[in-house]
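What follows is one structure encoded as structure tokens, with my remarks underneath.
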Amino acid sequence: MSTERCPITELLVDQCAHCRPTPPADPVADFLAREPFQATTIQARYPGRCPDCGERINEGDDITSSPNGWVCEGCA
């Protein structure tokens, strides 16, 4: 941990709001741009709809993570 202090507020630099870098406008997009997306497939615990195609997802169906959310097998 740094002991460097802000010259204006005298707070530690990592605790000072104006000394820290500005967060990205869209943290999710920034994260996805930095890290290669890795999909994960699990069984649905709750019913719902696929955000890509609108198909119904039933409890126990295989669903796969995507940048848009959890999608059905056909969209994976």
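The values are calculated or read from the model by the stated rules, or taken from the named source; none is laboratory data. Everything numeric in this text was worked out from a predicted model, so none of it was measured. Please note: Cβ atoms are built from the backbone with ideal geometry, for glycine as well, and neighbour counts cover all protein chains shown. Protein only, heavy atoms only, side chains kept; ligands, DNA and RNA dropped before computing areas. Shrake-Rupley method; radii C 1.70, N 1.55, O 1.52, S 1.80 Å.
In the full protein context, the chain carries 80 Å² of accessible surface per residue, based on a 1.4 Å probe and ignoring ligands, DNA and RNA.
Here P(r) over Cα pairs in 10 Å bins from 0, in percent was calculated from the structure, and among (1) 20, 49, 24, 7, 0; (2) 17, 48, 22, 11, 2; (3) 17, 28, 19, 13, 17, 6 it sits at label (3). Distance between the 7 Å Cα→Cβ label points at ASP52 and ARG5: 5.5 nm.
What's the carbon and sulfur percent of segment 1-59's accessible surface, probe 1.4 angstrom, rounded to a whole number?
Working: 2690 of 5160 Å².
For segment 1-59, the apolar C and S fraction of the accessible surface comes to 52 percent.
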